[in-house]
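Let me begin by presenting the structure, written as structure tokens, before commenting on it.
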Amino acid sequence: MKRSYLFFSTLIFLKFLTLNFVNSAENNIYEKIDLFGEVLEKINKEYVDEINQSDSMDSAINGLLQSLDPYSAYMSPEIFNEMQTETSGEFGGLGIEVGMESGVVKVISPIDDTPASKAGIKAGDYIIKIDNVQVQGKSLSEAVDLMRGPVGSSINLTIRRVGQKKALNFNIVREIIEIRSVRAELLKKNIGYIRLTSFNENSSEQIKNQIKRFEKNQNVNSYILDLRNNPGGLLSQAIKVSDFFLNNGEIVSTKSRKASENRKWFAKKGDLINGKTLIILINYGSASASEIVAGALKDHKRAIILGENSYGKGSVQSIIPLKNKGAIRLTVAKYYLPSGKSISEVGVSPDIEINEESDEFRIKTETDNQLDYALKLLNG
């Protein structure tokens with residue numbers, strides 16, 4: 001009887017401690033919210049210049065999201081609306097994919113044949129000024145907004161590049177950006193070269209059509225898939241492209257906070273190039289969906305990965321609309337390769353490391369040492 005009473009008393013005590021902890025945590029959150037309100041009020045009354053409280057709140061929300069990781073961000077109704085317009089595949093701009101790192105805008109990748117690419121902007125560049133306006137301290141959305149402007153107007157970007165002491169200045173004229181994701185050409189009469197610059201809605205269909213065209217040529221005995229400076233795109237397209245070269249096995253998995261939402265994707269039987277040698281070219285500008293394809297085919301030993309270590313963006317972002325018609329971009333899961341390794345902040349390492357000497361990805365082997373090495377490898 002004493003034991004039962006003691007056990008029952010212990011349960012009550014533990015329940016009391018749990019409730020007390022929950023109540024304490026909730027009270028602490030409410031205290032922080034009150035503190036935030038007090039700080040905002042002090043700024044509004046005492047700050048040297050008059051402030052726009054609505055803008056301050058937007059910055060606070062964005063600061064909260066960007067404290068989580070470089071890819072989570074707040075989009076005001078105006079920016080969210082512009083983003084939806086841009087995903088149609090044709091928009092005005094510079095042609096760069098950007099992210100945030102330590103409060104500075106970082107170029108993930110310039111898109112082929114766009115103003116940024118032609119001007120010489122490179123993956124890994126840090127944008128420190130936009131038209132002489134300091135970027136540090138601004139949110140990613142604010143920096144992107146500064147880079148927007150009418151087609152035909154010019155913009156000056158001040159860049160810090162790793163390995164160079166002096167800042168670089170680029171004057172770029174904004175253009176209509178038309179994303180052509182697939183380009184293909186027969187090289188050395190027997191090598192099918194496919195360059196994929198992004199993973200959009202019809203990328204996999206375009207690649208399939210190019211492979212079918214190459215396969216009609218009896219001389220084609222090997223392939224090069226060029227994913228350099230490809231910032232990624234749709235997960236579904238990365239899975240389809242990987243599946244083109246596999247007969248079975250896991251392609252990628254995602255793990256989220258909720259175990260019920262964890263997923264795995266597997267290849268179906270049917271290698272479109274029938275086991276022929278495949279080389280995949282990657283560099284620091286290869287990110288996200290590009291890393292899924294390169295990583296999956298590397299893990300299955302189906303492709304030789306050549307070039308430089310990839311970017312290391314191994315997370316899934318979801319666009320979540322808000323009541324004010326804005327939205328948040330929130331990281332909801334991480335990618336994992338068939339080996340179980342995460343891509344996040346690590347990237348995919350090449351089987352053969354060849355450092356990039358030029359950013360001329362225009363099938364000019366005399367200037368493109370990575371492509372030249374791949375061709376020599378395939379031709380013995």
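Read-outs throughout are calculated quantities, based only on the coordinates presented, and are distinct from any laboratory measurement. The structure presented is a predicted model; accordingly, all values stated were derived computationally and were not measured. We place every Cβ from the backbone using ideal geometry, glycine too, and count neighbours over all the protein chains shown.
Below 14 Å, Cα to Cα, which aspartates and glutamates can Lys276 reach? Residues fewer than 8 away in the same chain don't count. Within the straight-line cut-off, Lys276 pairs with Glu215.
Each of Glu205, Glu142 was scored by other Cβ atoms within 10 Å of its Cβ. Arranged with the fewest first, they read Glu205, Glu142.
For region 232-369, the square roots a ≥ b ≥ c of the C-alpha gyration tensor eigenvalues yield an a/c of 1.5 or more together with a/b not exceeding b/c, which makes the shape oblate. Annotation: the antiparallel percentage among DSSP beta bridges lying fully within region 182-378 is about 55. Amide H contacts of Gly347 (H built 1.01 Å from N, in plane; Pro and chain starts excluded): Gly312 sit under 5 Å, all sequence-distant by 5 or more or on other chains.
The mean sequence separation of alpha-carbon pairs under 8 Å and at least six residues apart, normalised by the residue count of the chain, gives a relative contact order of 12 percent.
Residues whose amide H falls under 5 Å from that of Val105, counting only those 5 or more places apart or on a different chain, are Ile127, with hydrogens built in the peptide plane.
Name the shape class, rounded, prolate or oblate, that the alpha-carbon gyration tensor gives for the chain, where a ≥ b ≥ c are the square roots of its eigenvalues, rounded holds for a/c under 1.5, and otherwise prolate holds if a/b is larger than b/c and oblate otherwise. It is oblate, given that a/c is not under 1.5 and a/b is not larger than b/c. Normalised by the number of residues in region 182-378, the mean separation of alpha-carbon contacts (under 8 Å, six or more apart) gives a relative contact order of 18 percent. Among Thr158, Thr197, the order by Cβ neighbours within 10 angstrom, fewest to most, reads Thr158, Thr197.
Label reach from Lys216 (point 7 Å along Cα→C-beta): in region 262-286, amide nitrogens under 19 Å belong to 272-274.
Here the dipole of the chain is about 1680 debye; that uses its Cα centre as origin and unit charges on the Cβ of Lys and Arg (positive) and Asp and Glu (negative).
Subtracting the Cα-Cα distance of Ser67 and Glu178 from 0.36 nm times their residue separation leaves 36.7 nm of extension gain. Approximating the spin labels as points 7 Å out from Cα along Cα→Cβ, the Leu35-to-Gln136 distance works out to 2.6 nm. Here Lys189, Lys129, Lys341, Lys313 are placed in order of increasing Cβ neighbour count within 10 Å, fewest first, which gives Lys189, Lys341, Lys129, Lys313. Here the chain carries DSSP beta bridges of which approximately 75% are antiparallel, counting only pairs with both residues inside. In this simple spin-label model, placing a label point 7 Å from the Cα along the Cα-to-Cβ direction at both Asn44 and Ser153 gives a separation of 3.2 nm.
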